[in-house]
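Below: the structure, in structure tokens.
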Amino acid sequence: MAKSGSRLGSESVAAATVLKRAVELDSESRYQQALVCYQEGIDLLLQVLKGTKDDTKKCNLREKISGYMDRAENIKKYLDQEKEDGKYHKQIKIEENATGFSYESLFQEYLNETVREVWVEDPYIRHTHQLYNFLRFCEMLIKRPCKVKTIHLLTSLDEGSGKEQQISGLKEIKESLRNHGVLLELEYSSSIHDREIRFNNGWMIKIGRGLDYFKKPQSRFSLGYCDFDLRPCHETTVDIFHNKHTKKI
């Protein structure tokens, strides 16, 4: 059964809005964001096409869809070449108190079934909340479609009263990962300063604050305590690169 006119109309408006944004991003050379908008707009236009009976309108829609698909394909080829050449760079600025930046939201675009090895370089996996951050990151890797077998963690050793708790916590995480068939390799360095995460599929993510960019929740029963997408963030910058060959720690 064909869709109602009101529904088709709303989908047409939505498609036009998204595709207008795609063209704007394209003109600003923000190709990764433009590609996402093109793909979303094309999907919406395809839904409109399915519900359209008028042959003339169908023909016009097919021409529009074809044009947008050609542009999206060209952008995709360009981005793939940038990745191949190691020139890809995307930057995300997380504002103070911003929400919607859980690990899943930030990393899911770069995780797929080819991810089997992960390197985490972060000097501050020490205190309880930082250990929980790392645990949540590991949980995400277990749940995603990637088939992680090894996680390398390079961090600094707490030289104060928290040293025993840090070592104990990381040991528990290591044992838990082993139960899921994942090896956690731990290494400590007193001179580590950089913060970056690398996947063996070539993606490298540098977060100014490392994994510790979430603010402390107001209470144990406040929104954001469990769901990190609802947790306010500290201001930080995320830089995303793609390297054909990812170096090892």
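Among Cys233, Cys226, which is surrounded by fewer than 16 Cβ atoms within 10 Å (Cβ to Cβ) and not charged (D, E, K, R)? Only one candidate qualifies: Cys226. Taken over segment 142-154, the criterion of being crowded, with 21+ Cβ neighbours inside 10 Å and of a type in the set (A, V, I, L, M) is satisfied by Val148, Ile151, Leu153. Consider segment 196-223 and keep the residues that are touching a strand residue (DSSP E or B) at 6+ places or on another chain (Cβ under 6 Å) and in a loop (DSSP other than H, G, I, E, B). The one that is surrounded by the fewest Cβ atoms within 10 Å (Cβ to Cβ) is Gly208. Might you check whether a residue that is under 27 Å from Gly202 (Cα atoms), among the small types (Gly, Ala, Ser) and without any contact (Cβ under 8 Å) to a residue 24 or more places away in the chain occurs anywhere in segment 60-82? No; the residues of segment 60-82 include none that is under 27 Å from Gly202 (Cα atoms), among the small types (Gly, Ala, Ser) and without any contact (Cβ under 8 Å) to a residue 24 or more places away in the chain. Only one entry in Leu25, Leu8, Leu35, Leu44 is assigned to a helix (DSSP H, G or I), at pLDDT below 85 and among the aliphatic types (A, V, I, L, M), namely Leu8. Within segment 66-87, is even one residue open to solvent by less than 70 Å² (accessible area, probe 1.4 Å), of a type in the set (Val, Ile, Thr) and over 30 Å from Asp239 (Cβ atoms)? Looking through segment 66-87, none of the residues is open to solvent by less than 70 Å² (accessible area, probe 1.4 Å), of a type in the set (Val, Ile, Thr) and over 30 Å from Asp239 (Cβ atoms). Every residue in segment 111-135 that is buried (at least 16 other Cβ atoms within 10 Å of the Cβ), charged (D, E, K, R) and over 18 Å from Lys163 (Cα atoms), please. Within segment 111-135, Glu117, Glu121 qualify.
Screening Val120, Val182 for residues that are modelled with pLDDT of 95 or more and within 21 Å of Ile207 (Cβ to Cβ) leaves exactly one candidate, Val120. Listed by first and then second residue, the pairs linking a residue in segment 14-33 that is open to solvent by 70 Å² or more (accessible area, probe 1.4 Å) to a residue that is among the basic types (Lys, Arg), with Cβ atoms under 6 Å apart and 6 or more places separating them unless they lie on different chains, form an empty list.
The values are calculated or read from the model by the stated rules, or taken from the named source; none is laboratory data. Keep in mind that this is a model prediction, so the values were computed, not measured. Glycine also receives a Cβ, built like all others from the backbone with ideal geometry; neighbour counts cover every protein chain displayed. Side chains are part of the model used for accessible areas, which takes the heavy atoms of the whole protein and leaves out ligands, DNA and RNA. Shrake-Rupley method; radii C 1.70, N 1.55, O 1.52, S 1.80 Å.
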